[in-house]
Amino acid sequence: MPEDRILSQEEIDSALKRAQNGKPEEDSSKRPQAYDFRRPDRIAKDQLRAIHLLHDNFARSLASSLSAYLRAYVMVNLVSVEQVSFGEFTQCLPSPSCIVSLAMRPFESNAVLEMNPNIVYPILEMLLGGNGKTRLKVEREITEIEQSLFAVVLRIVLHDLEEAWAPISPMQFHVEKHETEPQLLQILSSSEAIVAVGVEIRIGEVCGMMNVGIPAIIVKMLRQKFDQQWSVRKAEATEEDRQRLLRLLLPARIKFDTRLQGPTMSVQDMLDLSVGDVVEVDYPIHRPIDLIANGRLLFHGHLVDTGRKRAISLDAVHEYD
């Protein structure tokens, strides 16, 4: 050691500690770590974050597609992305349920898509002309006729899933078979690792889960493409994405209504009404009228005459704080 070198305080403390213990410090990074062979860690955390971002885009696209098709406001939220074994994935699925096995071309493997009955039957009700707002608790298997009706919704889901995976790999999902019991789905071994994606679909007050299981080996094969795409991916939506959302929203229908806010009375006064009493319910034509779209106040106006009908002339746009 050069004579003119001066030891730092950290070097002095480290030398004293080694002298007291009689042995060099043990590096914690070199200590053996427990490894569970039943749950192999095949996917890095940064890749799981990339998969989370991919399916977050899928959830937003699916919300627009289902809203346009069902003509109702549909919310789709990504709930979780995690790596589990195929056995754990099937054990968490409800029974019975709507489960499909998906071929992942050009890869020689299969994925799983499951939709809870809590959301399947309200969607079927809407397809048959209902409003889908009734909370149905159906504990039976889906019939073949219902599967045929629901096939259109599955095609929409798979199309948006393919679009979400397109920047990573040109993948095509095809339905191979339908199942209603998770235990009968024998496409992977119970110890095989998969990436489980949980998505919540909400239509009004009705909500249910959609679960997608993708083999982890496929995700691992595409790791390099994940790194390439997400290193240059823009956070903001492109003009093409905005135009696509606009095309999906243009056919949507909006319900307009107006409310003539007349006089009010208490419940007690209403109960005290009897034969011969007079209730004034007129509405002055000079009083402003509110125009409401899907339950939200948008415009203020006044009554006008358009031939045999009455209409509203818009005066101002309602401003929210």
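The values are calculated or read from the model by the stated rules, or taken from the named source; none is laboratory data. Bear in mind that the values here come from a model prediction, so they are computed numbers and not experimental data. Using ideal geometry, Cβ is built from the backbone for each residue, glycine included, and neighbour counts are taken over all protein chains shown.
Against the conditions (1) without any contact (Cβ under 8 Å) to a residue 12 or more places away in the chain; (2) buried (at least 17 other Cβ atoms within 10 Å of the Cβ), where does Gly129 fall short? Just the number, please.
Failed condition: (2).
Looking only at the range 258-303, filter to residues that are of a type outside the set (A, V, I, L, M) and assigned to a strand (DSSP E or B); which one of those is nearest to Arg71 (Cα to Cα)? Break it down into steps so the answer makes sense when it comes.
Applying the first criterion (of a type outside the set (A, V, I, L, M)) to the range 258-303 yields 258-259, 261-264, 266, 268-269, 272, 274, 276-277, 280, 282-284, 286-288, 290, 294-296, 299-302.
With the extra rule that they be assigned to a strand (DSSP E or B), the set shrinks to 258-259, 290, 296, 299-302.
Details: Thr258: 22, Arg259: 24, Asp290: 24, Arg296: 17, Phe299: 23, His300: 26, Gly301: 28, His302: 30 Å.
By that ranking, first place goes to Arg296.
Just checking, how many residues over the range 177-192 are at pLDDT 80 or above and under 25 Å from the mean Cα position of the chain (by Cα)?
6
Hey, could you check the range 196-224 for residues that are under 12 Å from Asn116 (Cα atoms) and of a type in the set (A, V, I, L, M, F, W, C) and say which is surrounded by the most Cβ atoms within 10 Å (Cβ to Cβ)?
Looking at the filtered set, the residue picked out is Ile201.
Identify all residues within the range 115-150 that are at pLDDT below 85 and touching a Ser or Thr at 6+ places or on another chain (Cβ under 7 Å); write none if there are none.
Result: Glu141, Ile142.
Of the conditions (1) loosely packed, with under 15 Cβ neighbours inside 10 Å; (2) part of a helix (DSSP H, G or I); (3) under 22 Å from the mean Cα position of the chain (by Cα), Tyr121 fails just one. Which one is it?
Here Tyr121 clears every test but (1).
Given (1) at pLDDT 85 or above; (2) more than 19 Å from Leu62 (Cα to Cα); (3) of a type in the set (Val, Ile, Thr); (4) surrounded by 15 or more Cβ atoms within 10 Å (Cβ to Cβ), where does Val112 come up short, assuming only one miss?
(2)
Surrounded by 13 or more Cβ atoms within 10 Å (Cβ to Cβ), at pLDDT below 90 and either out of contact with any Leu (no Cβ under 7 Å at 6 or more places or on another chain) or charged (D, E, K, R) (or both), is that true of Leu154?
Working: surrounded by 13 or more Cβ atoms within 10 Å (Cβ to Cβ): yes; at pLDDT below 90: no; either out of contact with any Leu (no Cβ under 7 Å at 6 or more places or on another chain) or charged (D, E, K, R) (or both): yes.
When the stated conditions are applied, Leu154 does not pass them.
Among the residues of the range 228-243, are any surrounded by 12 or more Cβ atoms within 10 Å (Cβ to Cβ), at pLDDT 70 or above and either outside the structural domain of Val76 (by TED's automatic domain parsing) or more than 24 Å from Leu113 (Cα to Cα) (or both)?
Looking for residues that are surrounded by 12 or more Cβ atoms within 10 Å (Cβ to Cβ), at pLDDT 70 or above and either outside the structural domain of Val76 (by TED's automatic domain parsing) or more than 24 Å from Leu113 (Cα to Cα) (or both), one finds at least one in the range 228-243, hence yes.
Picking from Ile168, Ile187, which residue would you name as being assigned to a loop (DSSP other than H, G, I, E, B) and farther than 16 Å from Leu102 by Cα? Don't jump to the end; show me each part of the working.
Working: Ile187 fails: farther than 16 Å from Leu102 by Cα.
Going through Ile168, Ile187 in turn, the sole match is Ile168.
Check Lys309 against each of (1) charged (D, E, K, R); (2) free of Cβ contacts under 8 Å to residues at least 40 places away in the same chain; (3) under 23 Å from Ala72 (Cα atoms) and name the one condition it does not meet.
Evaluating Lys309 over (1) charged (D, E, K, R); (2) free of Cβ contacts under 8 Å to residues at least 40 places away in the same chain; (3) under 23 Å from Ala72 (Cα atoms) leaves (3) as the failure.
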